[in-house]
1. Which of these, Asn178, Asn225, Asn156, has the largest mean-square fluctuation under a Gaussian network model of the chain (Cα springs below 10 Å)?
2. On the accessible surface of segment 214-267, probed at 1.4 Å, how many percent belong to carbon and sulfur atoms?
3. Can you give me the three principal axis dimensions of segment 290-437 from its C-alpha atoms, in Å, biggest first?
4. Ignoring ligands, DNA and RNA, please state the percent of accessible area on segment 59-128 from carbon and sulfur, probe 1.4 Å.
5. Just the number, please: Stokes-Einstein D of the chain in µm²/s, Kirkwood Rh from C-alpha pairs, 37 °C, 0.692 mPa s.
6. Quick one: plug the Kirkwood hydrodynamic radius of segment 1-145 (C-alpha pairs) into Stokes-Einstein at 20 °C, 1.002 mPa s, and report D in µm²/s.
7. If you take the Cα Rg of segment 121-269 and divide it by 2.2 N^0.38 Å, with N the number of residues, what do you get?
8. Among Thr359, Tyr311, Val337, which residue has its Cα positioned farthest towards the positive end of the charge dipole of segment 304-392, with +1 placed on the Cβ of Lys and Arg, -1 on the Cβ of Asp and Glu, and the dipole taken about the Cα centre?
Amino acid sequence: MIPIDLQQAKKIHFIGIGGIGISAIARMFLLEGKEVSGSDQSESLVTEELAKLGAKIFIGQKAENVSPSTDLIIYTIAIPADNPERVAGEHLNIPAMTYPEALGQISKTKTTVAVAGTHGKTTTTAMIAQIALAAKLDPTVVVGSFMLNDDGNQTNFIAGKGDLLIAEACEYRRSFLNLSPKILVITNIDNDHLDYYQDLADIQSAFAELAAKVPEDGYLICDVNAPNLAPVLAAAKCQVVDYTQVGITGLELLVPGGHNILNAQAALAVAKILDISPSTALEALNKFSGTWRRFEFKGELGSGAFIYDDYAHHPTEIKATLAAAREKFPERRIIAVFQPHLYSRTKLLLNDFANSFTTADQVIIAPIYAAREAPDPTISHELLATAIGAKARALASLPAITAYLKTLIKPTDLVLTIGAGNVCEVAEALLLDKYFV
């Protein structure tokens, strides 16, 4: 089915509207005054924010959620063909497209800065956005998290009137190949999404194909000496910029960790290409307060313990997050609460996960968050806890973890919930318990 142009659609239905990426497109349409509806499996901060803007949200996916008067259906790439709402749309002959296809249409109409990479792309995208906003370039921004603003507002979409699009580019199922970047940032390449990709070489081929899309007068910004980047560099026909050579004099980030310095260097490299003054870029970065669920400070318990939350779901990310926590709080005991994401990822990277918690003092492992996968009895959170060793403990549920933490936390502790599922509910439950606070 050939999808209609986005601008022609007046009534759009989103399947999987709670996804952080697709919700940005929904937010864009709402801000344009279009009628938006959407469904997801559960309520979340994302769906709540969309409802406040006027979206009609359905919890649970049913054929009757799709109105016959719908002009266009947009769905996340994880939604299968037999989803009842996709089937209903086909029966009603409603045009449909994936979220990456929709973002790709927007990209074709603007000068696009695409930020790709296995780790760090969300933070880097948000950093570039903050710089571009400070430089008054009036960009359109699509980022895979909520940007945290000084005024307390959170958004994953900025509707700019300028020519610039700054977009996070997701590699899952090669979805970033829908984009048309003039400037491409690749933060790094690692072995992830192995439920889709065959191996590292397959992942590299996707990034290489994306790099080849950048025109000769465009730019590829990367660490030219990074592991796994050689095939990508070979495919690029544009100018290559090594962000590790960008100076950081005057850079005083609020967000901790060496990985965030690298993210900032990539953002500074983009700023130079966009002809933004170094002073403007540095000032913007030094005010950058992070994004939702990226080493996000959730609150302080009455006892004095700190509660943080992070989206890390790959061993490399966990190591970086825990290293940042130790850097920022060298004297505090770190209690890491980790919820593995996907059976396939946990199984394939079990040893890497087991070795990623060396910086934590104690580790609590939640049951695996299945997301789009069927259960796999050959892997479990108990097996991961055993692989980590004596400082790790597997518990049966998030409420059980919350209850256990209440017996464990001391005033000088740092509790860090980690994972791409709903483990942040543990942090929120601790802070909501008046008896504990």
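1. Asn225
2. Working: 1360 of 2580 Å².
Carbon and sulfur: 53 percent of the exposed surface of segment 214-267.
3. Largest first, segment 290-437 extends 41, 32, 29 Å along its Cα principal axes.
4. Working: 1320 of 2540 Å².
Reported share for carbon and sulfur atoms: 52 percent.
5. Details: Rh = 22.5 Å.
Rounded, D is 146 µm²/s.
6. 135
7. Values: Rg = 15.5 Å, N = 149, 2.2 N^0.38 = 14.7 Å.
Expressed relative to 2.2 N^0.38 Å, the Cα Rg reads 1.05.
8. Thr359
The values are calculated or read from the model by the stated rules, or taken from the named source; none is laboratory data. Remember, it's a predicted structure, so these values are computed and weren't measured experimentally. We place every Cβ from the backbone using ideal geometry, glycine too, and count neighbours over all the protein chains shown. Note: accessible area is taken over every heavy atom of the protein model, side chains too, but ligands, DNA and RNA are not part of it. Shrake-Rupley method; radii C 1.70, N 1.55, O 1.52, S 1.80 Å.
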